[in-house]
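Asker: Before I ask anything, here is the structure I am working with.
The values are calculated or read from the model by the stated rules, or taken from the named source; none is laboratory data. What you see is a predicted model, and the numbers here were worked out from it, not measured in a lab. Glycine also receives a Cβ, built like all others from the backbone with ideal geometry; neighbour counts cover every protein chain displayed. When the accessible area is computed, the model is the full protein with side chains, heavy atoms only, and any ligands, DNA or RNA have been set aside. Shrake-Rupley method; radii C 1.70, N 1.55, O 1.52, S 1.80 Å.
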Amino acid sequence: MMEVLLKVLDELQEPEFRRLKSKLSELAVDEGYDRIPRGPLELASKEQVASLLLDYYPEDYAVELTQHALKAINKRRLCCDLVKHLAAARNTCFTVKPAEAIRNHSCHLSWVFRTVLLFTTWYLRNKKS
């Protein structure tokens, strides 16, 4: 899981990484969990941020919080990349699931929608009347 988080964090430029750390320290966390203190986050490298996330939270919740922080700094593409890297690491594929999972995989669903739209357009143009 450390490698998955690092792949995404390494894509961030330094100003974006600082904004991500700030968002991580501000995000509301579920009951039973504590926020990572601002002090350790401010001074942390990308490796240390990934390590802090995994130290404070279970793997899936660390990924979820990272997704929320990426969305908060307008890095939706990286959020989608995180989902893809996670699926690859777990040797799973994208499937359509209940509403919560659909929101988490919106980038994949956009791709499916675009593919269906393109195919439908092609079919309607080429169908013989």
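Asker: Under 7 Å between Cβ atoms, at least 6 apart or on separate chains: pull out the pairs that start in the stretch 1-26 with a residue that is within 15 Å of S45 (Cβ to Cβ) and end on any residue that is among the charged types (D, E, K, R) and modelled with pLDDT of 90 or more.
Answerer: Taking only residues 6 or more apart or on different chains, the pairs are L6/K46; L6/E47; L9/K46; D10/K46; F17/K46.
Asker: Counting just the residues of the stretch 51-63 that are hydroxyl-bearing (S, T, Y) and part of a helix (DSSP H, G or I), which one comes out surrounded by the most Cβ atoms within 10 Å (Cβ to Cβ)?
Answerer: So the residue we want is Y56.
Asker: Can I ask one more? For the stretch 1-25, enumerate the residues that are loosely packed, with under 11 Cβ neighbours inside 10 Å and assigned to a helix (DSSP H, G or I).
Answerer: Those that are loosely packed, with under 11 Cβ neighbours inside 10 Å and assigned to a helix (DSSP H, G or I): E3, E14, P15.
Asker: State all residues of the stretch 4-28 that are more than 12 Å from L70 (Cα to Cα) and in contact with a His (Cβ under 8 Å, 6 or more places away or on another chain); if no residue qualifies, say none.
Answerer: Matches in the stretch 4-28: V4, K7.
Asker: Suppose the filter is within 14 Å of the chain's Cα centre (by Cα), at pLDDT 85 or above, part of a helix (DSSP H, G or I) and closer than 21 Å to L24 by Cβ; does Q48 pass it?
Answerer: no
Asker: Just give me the residues in the stretch 29-39 being within 16 Å of E64 (Cβ to Cβ) and more than 17 Å from the chain's Cα centre (by Cα), in sequence order.
Answerer: D30, E31, G32, Y33, D34, R35, I36
Asker: Give just the number: which of (1) of a type in the set (S, T, Y); (2) open to solvent by less than 10 Å² (accessible area, probe 1.4 Å); (3) not in a helix (DSSP H, G or I) does T66 not satisfy?
Answerer: Looking at each condition in turn, T66 falls short on (3).
Asker: May I ask you to list pairs of residues, at least six apart or on different chains, whose Cβ atoms are under 9 Å apart, with the first in the stretch 33-49 being surrounded by 14 or more Cβ atoms within 10 Å (Cβ to Cβ) and the second being of a type in the set (D, E)?
Answerer: Correct list of pairs: R35/E26; I36/D55; K46/D10.
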